[in-house]
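Asks: There's a structure below that I have some questions on.
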Amino acid sequence: MGNPKAFLTIPRQEAEYRPVHDRITDFGEVEQTLNTSERKLQASRCMDCGVPFCHWACPLGNRPPEFQDALYKGKWREAYDILTQTNDFPEFTGRICPALCEKSCVLQLSIDAPVTIREDEAAIIEAAFREGYVQPRSYRRNGKRVAVIGSGPAGLAAANQLNRRGYEVTVFERLEYIGGLLRFGIPNFKLNKPIIDRRIRVMEAEGIRFEVNADIDLTHLPEGFDAYCVCTGTPQARDLNIPGRELKGIHFALEMLAQQNRVLAGQTFSDKERVTAKGKDVLVIGGGDTGSDCIGTSNRQGAKSVTQIEIMPQPPVGKNPATPWPQWPVILKTSSSHEEGCVRRWSLSSVRFLGEKGHVTGVEVEAVDWLPNPDGGRPLMKHTGKKEVLKADLVLLAMGFLKPELPAFAPQVFVAGDAATGASLVVRCIASGRRAAADIDRFLTSAPAE
Ligand SMILES: Cc1cc2nc3c(=O)[nH]c(=O)nc-3n(C[C@H](O)[C@H](O)[C@H](O)COP(=O)(O)OP(=O)(O)OC[C@H]3O[C@@H](n4cnc5c(N)ncnc54)[C@H](O)[C@@H]3O)c2cc1C
Ligand code: SF4
C-alpha cells in the first residue's frame, strides 16, 4: 500500500466526459483521461483493505489493490503484469465496464467516493500499449485444435486463453468483422473500434486464426477440431408484439446501432436501408443501457427530440436499501447519453403503435402502478387506465435479448458468454470465456489417450 493516508486528503477525481456541445457533434469516445501524476494520485487512494471487496465484486477477480499500489509507485510495467494475470482485455473493461468493483469499494461505503478502479485500469493498459509492453508472444504447441464459434468478448477471451495453453485456435465469425457486440452493438463513442483491431493484431501475431463471414451451423460443427467453444451471444432481441408493430419506422435497437457503427467503418447504405434519427421524434422503448446507447446515437444523428420510456418504476436516486453495499446498487443511472439530452419516463406500458400511410406516428402508452409482491420477487403490475399518446416517427425497441435455445451438444462442446447465461456484461463474458478455456483444457488433458 503506497500512501496510507491518501484517501483522507486526496478526493476522487474522474477524468470526466468531453463537454456535451463538443462530443455531441461526433462519434469519438466521450471519456477523457487524466495526466500521469493525477492518475498516480488517484491510485494512491486505495487503502489495500484487509478484505478487498473489489476482488469479490469483479467477475474476473481482478486485484485492484495490487495494481493500484504499483501504479502509485510509477511501476507501470508491474501494474500491467498484475492486471493482465486476470483480465485479457483491460482496454475493453477499462472503457465500458460498469465497474462493479467500485460500488463495493470500502471508500464507496465510507465516503461515497470509491477508488477510480476502472479508469486506472484503462490508464495502465493504454500505457502498456504505448510503451510497447504488449508484444505478441509465442507458445509451445500441444498438437490439439480448438474451434471458437463467435468473436465477441467471450470468444476472444476463450481463444486467447486456449492459445496460451498451446492449442491451435480458429475463431469463426458470422459477420464481416471480429468483435461481436463490441464491434456492432456498443457505439464508437463508448468504445472506438481501432481499440478492437489493435488487440486482434496481437492475437493474430500470437497464432490465432480468424475466419470472418463464417456462419457455422451449430448442429454440424466444423470437422478437424478436438473441442469447441460456442460463444454465439444472444442474437434475438425481445420484440413488442402490440397492434401496429408492422408499421414502418419501428426498429430493433441493434438495427440502428450496428448500422451506425458500419457507417463509421466506411460502409454505405441506401436511403431506404438507412435507419436514422435525423430530424425525427425518437421514442426509445426500454430504459436500460442499450436504450441509452440509442439516445446517444439519435442525438448525434440529429434527432428532433428523444424520449426514453420504461415499464418499471424509476429506481431510487443515490441509495437503495434493497441493494446495500457491497452489492451492486439498483439506483437511477444517468449515462453520458442521458446528459446529452432526452426525456426519461417510467411506469409506462406500451399499448399500441399508431400510424399514418403505413408509417409510425406515435405510441399509445398507459401509466402502470407497481405493487409489492406478497410472495417476494418482481412487483405486481397494475393498469391505471391513464392513457396518452407519445409522438414518434422513429421507434427503437431496446427491451433486451432472448436467451438462445442451443442444441444438445456433445461433451467436447462448451458454451460461454451471453449464449450460456443470457444477455450480460463484457466483463462477465470475458470471465466466462476464460472459464470455458480452462474447462476445455481440463477436458482435453484428462481425456484417455486413444
Ligand atoms: C447496445 C449494447 C450496448 C452494450 N453496452 C455494454 C457496456 O457498455 N458494457 C458492458 O459490459 N456490456 C455492454 N453490453 C453487453 C455486452 O456487449 C455483451 O454482454 C457481450 O458483448 C456478449 O459477449 P459474447 O461474446 O457472449 O457475445 P457477442 O458479443 O454477442 O458476440 C457473439 C458473436 O457470435 C457471432 N455468431 C453468432 N452465431 C454465429 C454462428 N452460428 N457462427 C459464427 N458466428 C456466430 C455473432 O455474429 C457475434 O459476433 C452491451 C450490449 C448491447 C447490445
Ligand atoms: S473489470 Fe470491471 S469490475 Fe473488474 S476491476 Fe475492472 S472495472 Fe472493476
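The values are calculated or read from the model by the stated rules, or taken from the named source; none is laboratory data. None of the values given here were measured: they were computed from a predicted structure. Note that each Cβ is placed from the backbone with ideal geometry, even for glycine, and that neighbours are counted across all protein chains shown. Accessible surface is based on the protein model in full, side chains and every heavy atom, while ligands, DNA and RNA are left aside. Shrake-Rupley method; radii C 1.70, N 1.55, O 1.52, S 1.80 Å.
Asks: Listed residues 169, 106, 148; which is within 12 Å of ligand 1 (Cβ to nearest atom) and either modelled with pLDDT of 95 or more or of a type in the set (A, V, I, L, M) (or both)? Explain how you work it out, then say what you get.
Replies: Numbers: 169 fails: within 12 Å of ligand 1 (Cβ to nearest atom); 106 fails: within 12 Å of ligand 1 (Cβ to nearest atom).
On inspection, the qualifying residue turns out to be 148.
Asks: Identify the single condition in (1) under 22 Å from residue 29 (Cβ atoms); (2) within 16 Å of ligand 2 (Cβ to nearest atom); (3) not polar (S, T, N, Q) that residue 325 does not satisfy, given that it satisfies every other one.
Replies: Every listed condition holds for residue 325 apart from (1).
Asks: While we're looking at this one, here's another question. Out of all the residues in the range 187-202, is one or more within 11 Å of ligand 1 (Cβ to nearest atom), touching a residue at least 60 places away in the same chain (Cβ under 8 Å) and open to solvent by 10 Å² or more (accessible area, probe 1.4 Å)?
Replies: The answer is yes, given that some residue of the range 187-202 is within 11 Å of ligand 1 (Cβ to nearest atom), touching a residue at least 60 places away in the same chain (Cβ under 8 Å) and open to solvent by 10 Å² or more (accessible area, probe 1.4 Å).
Asks: Being without any contact (Cβ under 8 Å) to a residue 40 or more places away in the chain and open to solvent by less than 70 Å² (accessible area, probe 1.4 Å) is the filter; apply it to the range 64-80 and report the residue that is farthest from residue 134 (Cα to Cα).
Replies: Of the residues in the range 64-80, the ones without any contact (Cβ under 8 Å) to a residue 40 or more places away in the chain are 66, 70, 74-75, 78.
Filter again for open to solvent by less than 70 Å² (accessible area, probe 1.4 Å), leaving 66, 70, 74.
Values: 66: 20, 70: 17, 74: 18 Å.
Here the answer is 66.
Asks: Let me ask something else. For the range 1-25, how many residues meet the condition of being open to solvent by less than 50 Å² (accessible area, probe 1.4 Å) and within 30 Å of residue 301 (Cβ to Cβ)? Break it down into steps so the answer makes sense when it comes.
Replies: Residues of the range 1-25 open to solvent by less than 50 Å² (accessible area, probe 1.4 Å): 2-3, 6, 10, 15, 18, 23-24.
Remaining after also requiring within 30 Å of residue 301 (Cβ to Cβ): 15, 18, 23-24.
The number of residues fulfilling the criteria is 4.
Asks: Being within 16 Å of ligand 1 (Cβ to nearest atom), modelled with pLDDT of 95 or more and under 20 Å from the mean Cα position of the chain (by Cα): is that true of residue 215 here?
Replies: no
Asks: Please go through the range 26-39 and give me each residue that is without any contact (Cβ under 8 Å) to a residue 24 or more places away in the chain and either surrounded by 17 or more Cβ atoms within 10 Å (Cβ to Cβ) or within 24 Å of the chain's Cα centre (by Cα) (or both), ordered by number.
Replies: 32
Asks: Output the residues belonging to the range 403-450 that are within 9 Å of ligand 1 (Cβ to nearest atom) and either part of a helix (DSSP H, G or I) or of a type in the set (Ser, Thr, Tyr) (or both).
Replies: Selection gives 418, 419, 420, 421, 424, 426, 427, 428, 429, 430, 432, 433.
Asks: Scan the range 3-22 residue by residue and report those that are among the acidic types (Asp, Glu) and part of a helix (DSSP H, G or I). Even if it seems obvious, please write down each step before you answer.
Replies: Filtering the range 3-22 down to residues among the acidic types (Asp, Glu) leaves 14, 16, 22.
Across the range 3-22, the qualifying residue is only 22.
Asks: Output the qualifying pairs, or none if there are none: Cβ atoms under 6 angstrom, residues six or more apart or on different chains, first residue in the range 98-121 and not assigned by TED's automatic domain parsing to the domain that holds residue 31, second residue in a helix (DSSP H, G or I) and more than 10 Å from ligand 2 (Cβ to nearest atom).
Replies: Partner pairs satisfying both residue conditions: none exist.
Asks: Does the range 203-216 contain at least one residue that is surrounded by fewer than 16 Cβ atoms within 10 Å (Cβ to Cβ) and touching a Leu at 6+ places or on another chain (Cβ under 8 Å)?
Replies: yes
Asks: Taking the conditions exactly as written (farther than 17 Å from residue 147 by Cβ, away from ligand 2 (no atom under 16 Å from the Cβ) and surrounded by fewer than 19 Cβ atoms within 10 Å (Cβ to Cβ)), does residue 176 satisfy them or not?
Replies: On the way: farther than 17 Å from residue 147 by Cβ: yes; away from ligand 2 (no atom under 16 Å from the Cβ): yes; surrounded by fewer than 19 Cβ atoms within 10 Å (Cβ to Cβ): yes.
Answer is yes for this residue.
Asks: Right, another one. Among the residues of the range 40-55, which ones are of a type in the set (D, E, K, R) and either in contact with a strand residue (DSSP E or B) (Cβ under 6 Å, 6 or more places away or on another chain) or open to solvent by less than 50 Å² (accessible area, probe 1.4 Å) (or both)? Steps first, please.
Replies: Of all residues in the range 40-55, those of a type in the set (D, E, K, R) come to 40, 45, 48.
Hit for the range 40-55 is 45, nothing else.
Asks: Being more than 11 Å from ligand 1 (Cβ to nearest atom), surrounded by 14 or more Cβ atoms within 10 Å (Cβ to Cβ) and hydrophobic (A, V, I, L, M, F, W, C) is the requirement here; does residue 258 meet it? Outline the logic, then answer.
Replies: Values: more than 11 Å from ligand 1 (Cβ to nearest atom): no; surrounded by 14 or more Cβ atoms within 10 Å (Cβ to Cβ): yes; hydrophobic (A, V, I, L, M, F, W, C): yes.
No, not satisfied.
Asks: Of the numbered conditions (1) outside any helix (DSSP H, G or I); (2) buried (at least 23 other Cβ atoms within 10 Å of the Cβ); (3) within 16 Å of ligand 1 (Cβ to nearest atom), residue 115 fails exactly one; give the number of that condition.
Replies: All conditions pass for residue 115, except number (3).
Asks: I'd like the full set of residues that are among the acidic types (Asp, Glu) and touching a Phe, Trp or Tyr at 6+ places or on another chain (Cβ under 9 Å), limited to the range 6-59. Show your work before the answer.
Replies: Narrowing the range 6-59 to residues among the acidic types (Asp, Glu): 14, 16, 22, 26, 29, 31, 38, 48.
Answer for the range 6-59, where residues must be among the acidic types (Asp, Glu) and touching a Phe, Trp or Tyr at 6+ places or on another chain (Cβ under 9 Å): 26, 29, 31.
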